[in-house]
Amino acid sequence: QVQVVESGGGLVQAGGSLRLSCAASGSIFRFNVMGWYRQAPGKQRELVANIRDDGGTDYADSVKGRFTISRDNAKNTVYLQMNSLKPADTAVYYCYAYSRINYWGQGTQVTVSS
């Protein structure tokens with residue numbers, strides 16, 4: 001059984017920063033990919049960023065240069081540093097960890113006020 005737990009969401013003013021954390025625990029030693037999706041009201045869930053166990057990363061164009069993803073393989077933990085936040089970044093952010101299938105967290109709300 002695998003658990004994925006996010007933390008670090010909240011309310012911030014435009015231009016501010018937040019750091020999300022996500023820990024995956026359970027029967028899997030290491031996840032091939034860990035990352036973040038987000039879903040804004042009325043919109044489809046979209047990939048924000050992911051990071052492979054070799055350190056390779058992918059980012060959505062809308063967050064490049066502002067967000068940084070990192071991971072601690074020993075702890076099966078992934079982080080998302082979000083800088084220069086915009087109201088358009090407001091969404092529920094979901095962490096996932098992939099090993100044969102995706103394991104999802106419950107989501108954490110990020111709200112950016114203008």
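Only the coordinates and a few stated rules stand behind these numbers; no lab work does. None of the values given here were measured: they were computed from a predicted structure. Virtual Cβ from ideal backbone geometry, glycine too; neighbours counted across all protein chains shown.
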Response to the item:
Rounded to 0.05, the calculated FRET efficiency for the beta carbons of A40 and A74 at R₀ = 25 Å is 0.15
Worksheet item: Near the amide H of V48, under 5 Å away, which other amide H atoms are found, from residues 5 or more places off or on another chain, if H is placed in the peptide plane?
Response: W36, Y37, R38
Item to complete: Using a cut-off of 15 Å between beta-carbons, work out the net charge of the residues near A91 (Lys and Arg +1, Asp and Glu -1, A91 not included).
Response: +2
Discussion item. Less than 14 Å Cβ to Cβ from S114, Lys/Arg counted +1 and Asp/Glu -1: what total charge do the surrounding residues give?
Written reply: 0
Worksheet item: Given a cut-off of under 8 Å on Cα pairs at least six residues apart, what relative contact order in percent is computed for the chain?
Response: 37 percent
Worksheet, complete the sentence: Among R38, R71, R19, the residue with the largest mean-square fluctuation in a Gaussian network model of the chain built from Cα contacts under 10 Å is R19
Fill in: Shape box of the chain [Cα atoms, principal axes, largest first, Å]
42, 24, 22
Response to the item:
Any residue on another chain or 5+ positions along whose placed amide H is under 5 Å from the amide H of G107 is listed here as E6, C95
Fill in: Nonlocal amide H pairs with G16, under 5 Å, H built at 1.01 Å
L85
Discussion item. Could you compute the net charge surrounding V63? Neighbours are other residues with a C-beta less than 11 Å from the C-beta of V63; K and R count +1, D and E count -1.
Written reply: 0
Worksheet item: How much length is gained on full extension from S17 to D54, taking 0.36 nm per residue of separation minus their Cα-Cα distance?
Response: 10.7 nm
